[in-house]
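Reading through the structure tokens given below for one structure.
The values are calculated or read from the model by the stated rules, or taken from the named source; none is laboratory data. This structure is a prediction, so every number in the text was calculated from the model and none was measured. Here the Cβ positions follow ideal geometry from the backbone for every residue, glycine too, while neighbour counts run over all protein chains shown. Surface areas here come from the heavy atoms of the whole protein model, side chains and all, with no ligands, DNA or RNA. Shrake-Rupley method; radii C 1.70, N 1.55, O 1.52, S 1.80 Å.
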Amino acid sequence: MKRSILACLGLSAALSCHAADAPVAPRMEVHSLAREFVAFWDGTQGLSESERVQAFKTQVGAKFPEFYDVARYAGSRSEAEHDEIIRRNIAVFGKQRQAYLDKVSQFDADLPRHIATFTSAFPEFKPEVTTYFLHSLGEMDGGLREFGGRRYLVFGADGMVRYHGNGNEAAFFHHELFHVHHQAQAPDCDDSVLWQRLWTEGLATYVSKVLNPQANDKEMLLDLPEGSAARVRGQLYTSLAQLEQVLDSGDEKQLGSLFHMDGASVDGLPPRRGYMLGYLVAQEIGKTRTPSQLARLSCAQARPLIKAAIGELKRQATPASGQLKTP
């Protein structure tokens, strides 16, 4: 199913604007496969597990092979491993079916509304990216992906259920929309080096907080896994010192430790701490720049500012407790 979602400023989730002076948010074309997964699941309950896996590939996977085919993993995942991931997701779906359907219905209203509020802050925003809303087989709640040299914005309804529950998702939507905007403003940031990933994720998190000042750590997705936000704050000085040493690293272990929930621990530091650290760095740099000015910084321009911000945050932090000093 393909939908065009048009958000109009001042008219929440409206599908059209008639006032001549009403600023119109850009149109985002969304290919929705989320309900197709439910239809597939409901219609194949009488089949064996292996038959359901094959039915998924035909009924759902074939509609977005760039995302669903095992070929995207370039040999790092076998066909058997891929089939097992599909099988597991089919097996557990019954327990989340209603929450998933609720999330799908909510998405149709939420995305236009959040595009509108984002465009109010960034009038130059152009969502010129192919967007899919689907069951991600446990991969994600949302994010940019690149297949065959083409970029996609993907929202995973299953991940949104798992990680967000029934909470306010405004910060999440603004985070993902900012990634689209930031790529257009600073195309030299490719995320392959640690400091660039720190900047892109940290800035998206910071902007989501600016647009949603009431958002808490959970809504900003800073407390994944649960309890990690407090752990990062409690080990802030040590985390910053370790970060300073690996800024230019492209090592997957370092990147995983900082940005993946299942990343291997480095020096006993909390997993996924890169989001909190990046947020604090962007917040420090944002003391003298607007969000629009930050978005327009090239990565080359941002690099010395990031290094200086880490140094300043270390200066503010107390080595014994790890906490930032209060003014």
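Structure summary
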{"item": "Max mean-square fluctuation residue, GNM over the chain, Cα-Cα springs under 10 Å, options H164, H82, H135", "result": "H82"}
{"item": "Out-of-range pairs (alpha-carbon distance over 24 Å; input K126/K287; K126/K307; K63/K218; K287/K314; K63/K209; K209/K314)", "result": "K126/K287; K126/K307; K63/K218; K63/K209"}
{"item": "Cα gyration tensor shape for segment 179-321, rounded if a/c is under 1.5, else prolate or oblate", "result": "rounded"}
{"item": "Vicinal HN-Hα couplings computed from phi for segment 54-70 (Karplus, 6.51 cos²θ - 1.76 cosθ + 1.60; Hz; Gly/Pro x)", "result": "5, 5, 4, 4, 7, 7, 10, x, 5, 7, 8, x, 4, 8, 8, 6, 5"}
{"item": "Ranked packing of 214-220, 197-203, most packed first, by mean Cβ within 10 Å", "result": "197-203, 214-220"}
{"item": "Segment E29-E226, length gained on full extension (0.36 nm per residue, minus Cα span)", "result": "67.6 nm"}
{"item": "Solvent exposure, largest accessible area first (probe 1.4 Å, DNA, RNA and ligands not counted), of T130, T117", "result": "T117, T130"}
{"item": "Eligible aspartates and glutamates near K57 by straight Cα distance, threshold 20 Å, same-chain separation 8 or greater", "result": "E36, D42, E49, E66, D69, E79, E81, D83, E84, E139, D158"}
{"item": "Global geometry of segment 111-264, whether rounded, prolate or oblate, following the gyration tensor of its Cα atoms and the 1.5 cut on a/c", "result": "rounded"}
{"item": "Cα-Cα P(r), segment 53-103, percent of pairs per 10 Å interval", "result": "23, 47, 26, 3"}
{"item": "Mean residue ellipticity (222 nm) of the chain, computed from DSSP H runs ≥ 4 via -39,500 (n - 2.57), nearest 500", "result": "-16500 deg cm²/dmol"}
{"item": "Förster radius 25 Å - calculated FRET efficiency between D69 and L101 (Cβ-Cβ, nearest 0.05)", "result": "0.45"}
{"item": "In order through segment 87-101: 3J(HN,Hα) via Karplus (6.51 cos²θ - 1.76 cosθ + 1.60), integer Hz, x for Gly, Pro", "result": "4, 5, 5, 5, 5, 9, 5, x, 5, 10, 4, 5, 4, 5, 4"}
{"item": "Solvent-accessible area, 1.4 Å probe, carbon plus sulfur percent, for segment 210-259", "result": "48 percent"}
{"item": "Equivalent ellipsoid dimensions for segment 183-264 as semi-axes, Å, which come from the Cα gyration tensor, largest first", "result": "21, 19, 11"}
{"item": "Proximal lysines to K95, defined as alpha-carbon separation beneath 16 angstrom and excluding residues fewer than eight positions away on the same chain", "result": "K103"}
{"item": "Where the chain is the region considered: accessible area per residue in Å², 1.4 Å probe", "result": "45 Å²"}
{"item": "Cα-based equivalent ellipsoid of the chain: semi-axis lengths in Å, sorted from largest, via gyration tensor", "result": "34, 26, 18"}
{"item": "Rounded to whole Hz, the Karplus (6.51, -1.76, 1.60) HN-Hα couplings of segment 285-290, x for glycine and proline", "result": "5, x, 5, 10, 9, 7"}
{"item": "Prolate/oblate/rounded label for segment 62-139 (Cα gyration tensor, a/c 1.5)", "result": "oblate"}
{"item": "For the chain, size of Cβ-based charge dipole, Lys and Arg +1, Asp and Glu -1, in debye", "result": "620 debye"}
